[in-house]
Amino acid sequence: MTMQKKLAVQSLQWTGQALKVLDQRQLPGKLAYDEYTDASGVAEAIASMRVRGAPAIGIAAAYGVVLSAMQHCRGDGGSGWQQQVAADIERLAASRPTAVNLFWALQHMQEVLAGHPKDPVAALLACAEQIHADDVAANYAMGELGADILADAQGVLTHCNAGALATGGYGTALGVIRSAYQRRPISVYAGETRPWLQGARLTVWELAQDGIAATLIADSAAAWLMKSGKIDWVVVGADRIAVNGDAANKIGTYSLAVLAKQHGVKLMVAAPMSTIDWNMETGDGIEIEQRSIAELLPEAYRDSNNPLVNAWNPVFDVTPAALIDAIVTERGVVLNPAGQGVRGLKHAD
Ligand code: MRU
């Protein structure tokens, strides 16, 4: 096992009274944390992309429920607070639609609430901290399993940011790349990931914090990079994995999967078990978040009197299992998931 060294960067920190959230929108220029003392603030931090990445969104939401209970429940047996906490949970659930980790974490918190009808704060906090710690542990486990698969790889391409910033720490796809790099330096390429530029602003910055050299490419350079023979694997995270192995991830992942097939490059999806949606049989049912067209359109076109220039801004896509070579979770690896899906992981040790 890799030694769990101190995490280079943490997107979420619990202070005892508040949740500190690294404002990822300001990276790499500025390392600035905002402090939240209520669930509405946390929901807004998620919706506005201060915190992003499926596991980090789930962890933030769990702490958001703790803050809600701290605010509304005084532990004196008073009534009414349950409705206020329920409304906050709805607010958190509405913050973003695609990452299933959000709903998974809220479900856990609701179960704890139901089990502690008088004074739930301590139990909720214990649960949120456990979700956070488990995510870090899962990332280290995935890192080792994924690095085994990359044993002979010379170069990898990653997309979006699936690193410490997007998780409790260490990262899913970047955890695999970190672990592989510790064993033997490999060439790491990162796609810039339009329109939010998670690759350019977050991934290469985060890797540099760890002394891992990375080469940024325009998203549109991926086919040519593959054609050059410089990469063996595309390694990405996921926002939701369906039972049949279809995987939703940042828009552009599906394009990379199609390109990879054409060029004989393999595709690895690394994600914790909390990213598997056991209620979603195939990727067809996954809700794809559509964000504002203002994220795409140059300002000069944003005039509502000009109906001829529009934009379409889906921020996730679904890669069919048939294009995925390996799904790596902390519970084990599924090679060639087409057909079997991830069912075998459900009760695996
Ligand atoms: O819109 P974002 O930045 O929240 O999208 C994040 C991604 O798509 C990540 O690749 C995914 O959540 C995996 S993070 C470990």
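The values are calculated or read from the model by the stated rules, or taken from the named source; none is laboratory data. This structure is a prediction, so every number in the text was calculated from the model and none was measured. Virtual Cβ from ideal backbone geometry, glycine too; neighbours counted across all protein chains shown. These area figures cover heavy atoms from the full protein model, side chains too; ligands, DNA and RNA do not enter into them. Shrake-Rupley method; radii C 1.70, N 1.55, O 1.52, S 1.80 Å.
Working carefully through the options Ala180, Ala213, Ala222, Ala153, find the one that is in a loop (DSSP other than H, G, I, E, B) and open to solvent by less than 30 Å² (accessible area, probe 1.4 Å).
The conditions single out Ala153.
Being over 21 Å from His263 (Cα atoms), without any contact (Cβ under 8 Å) to a residue 12 or more places away in the chain and touching a helix residue (DSSP H, G or I) at 6+ places or on another chain (Cβ under 7 Å) narrows it down to one residue among Arg331, Arg302; which is it?
Arg302
Looking only at residues in the stretch 89-118 that are within 14 Å of the ligand (Cβ to nearest atom) and farther than 18 Å from His132 by Cα, which one is nearest to the chain's Cα centre (by Cα)?
Here the residue is Thr98.
Got at least one residue in the stretch 89-103 being modelled with pLDDT of 95 or more, open to solvent by 10 Å² or more (accessible area, probe 1.4 Å), of a type in the set (A, V, I, L, M) and part of a loop (DSSP other than H, G, I, E, B)?
Checked the stretch 89-103: at least one residue is modelled with pLDDT of 95 or more, open to solvent by 10 Å² or more (accessible area, probe 1.4 Å), of a type in the set (A, V, I, L, M) and part of a loop (DSSP other than H, G, I, E, B).
Mind listing whichever residues of the stretch 50-70 are under 12 Å from Ala99 (Cβ atoms) and within 12 Å of the ligand (Cβ to nearest atom)?
Hits for the stretch 50-70 are Val51, Arg52, Gly53, Ala54, Pro55, Ala56, Ile57, Gly58, Ile59, Ala60.
Restricted to the stretch 261-290, and to residues that are in a loop (DSSP other than H, G, I, E, B) and out of contact with any strand residue (DSSP E or B) (no Cβ under 8 Å at 6 or more places or on another chain), which residue is nearest to Pro97 (Cα to Cα)?
Ranking the candidates gives Glu287 first.
Listed here are the residues, each with its yes/no results for (1) in contact with a strand residue (DSSP E or B) (Cβ under 8 Å, 6 or more places away or on another chain); (2) surrounded by fewer than 23 Cβ atoms within 10 Å (Cβ to Cβ); (3) in a loop (DSSP other than H, G, I, E, B).
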residue: Val21; (1), (2), (3): yes, no, no
residue: Glu35; (1), (2), (3): yes, yes, no
residue: Val65; (1), (2), (3): no, no, no
residue: Ala69; (1), (2), (3): no, no, no
residue: Ala114; (1), (2), (3): no, yes, no
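So for the stretch 157-168 (the condition being open to solvent by 40 Å² or more (accessible area, probe 1.4 Å) and either outside any helix (DSSP H, G or I) or touching a residue at least 60 places away in the same chain (Cβ under 8 Å) (or both)), does at least one residue qualify?
no
Got a number for residues in the stretch 297-339 being modelled with pLDDT of 95 or more and either in a loop (DSSP other than H, G, I, E, B) or of a type in the set (A, V, I, L, M) (or both)?
21
Just give me the residues in the stretch 183-193 being closer than 14 Å to Val234 by Cβ and either more than 12 Å from the ligand (Cβ to nearest atom) or open to solvent by 10 Å² or more (accessible area, probe 1.4 Å) (or both), in sequence order.
Within the stretch 183-193, Ile186, Ser187, Val188, Tyr189 meet the criteria.
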